[in-house]
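Below is one structure, written out as structure tokens; the observations come after it.
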């Protein structure tokens, strides 16, 4: 965060220049109506600059007080400690002008407001791309809308009960997070005047980083930019949400870890809680091993410790759900049940489910060698956590595609994910080998 003196230097210098002009005019005497009008304009400009300096300094002071590191309390995305409601509105308005007009056309006041949130973000700083300089963090509301758009491209960032936990942080510093496994421990009966047994809890520390992802370059024609009916913010929200949503959902599902987020599939497989499907032939005596039967789901459910089952749910590819909707148990009852109550979700074997197309589809036809498909996850999905750095940085590339009459935009976000299931009892995965 820059110091207020640095943020306001340009404003203070401009105010000092106006004061010098006013002093010169006063010394020379305001001899004409034109001189008096000019003096009044200078005085009004100086007052506005003074108000702007005070606003930015107050906002910066509040910003410093409310910013915090580490995982904040659970809450709604966007509940960042914003300086003032008025400042948020002005920041978003200035950011909108930056998107449409570019940095060179910003007023001094807009530059001062946006400079509060300027950072390098690891994008290369000045001249990261031809015609660009360090980007600006987007306003809180813009981030919220992008994150909402990302939810439509995979469930991993949905948050809420029975879903992967979201850890929102204000910075990308390494984040240690405690994880414990105490499912194997029980209490004890104690006789009168007897000592109790000491039993330590198995607590480990899971480390979250902040891997950087980009939206890739989004190009917009100059004609469209100049069209006042074209909402550039809504356009970028949709594009950024679509592109980031797909990559983050994939990485947090099947990411390898170490050099990228550890995906939930990778974490469960590494923990060894794997159930191999026998196939639906245990129900109908005909289907092959590339199918899923009711016995497979029963085995999968019981691979999860009973303490985690009340808050458990399934996760699978949409094509796998299509297959499961056709499966019946040995008594001819369908596993998939539509809810009869308004607002209640459909269930499989009595458990809710989430669709995640980053999971494997069932093998469609025989292959030359054995193929392993990890098709269904079951368990307490909140035992997997996703670290999300709240800020989204946007660069406007004014010159890179100028010969085509286009302006380009580029967004950066930082994410990581890791498993909190250190005992490997909260989640299990079904694999089909065919």
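A few remarks follow.
- Residue exposure proxy: 404, 308, ordered by other Cβ atoms within 10 angstrom of their Cβ from fewest to most, comes out as 404, 308.
- 339, 195 arranged by Cβ crowding within 10 Å, fewest neighbours leading: 195, 339
- Rg to Rh quotient for the stretch 18-58, alpha carbon positions, Kirkwood Rh: 1.12
- Each principal axis of the Cα cloud of the stretch 363-434 was evaluated for its coordinate range; sorted largest first, these ranges are 54, 37, 14 Å.
- The gain in end-to-end length when the residue 170 to residue 27 segment is fully stretched comes to 46.3 nm, 0.36 nm per residue minus the alpha carbon separation.
- Neighbour-count ranking [beta-carbon atoms within 10 angstrom, fewest first] of 377, 247, 274: 274, 247, 377
- Förster-model FRET efficiency, 45 Å R0, residue 152 and residue 302, C-beta, rounded to 0.05: 0.85
Quick note: the coordinates plus some simple rules give every number you see, no bench work behind them. None of the values given here were measured: they were computed from a predicted structure. A quick note on method: Cβ atoms are made from the backbone with ideal geometry, for glycine too, and the neighbour counts reach across all protein chains shown.
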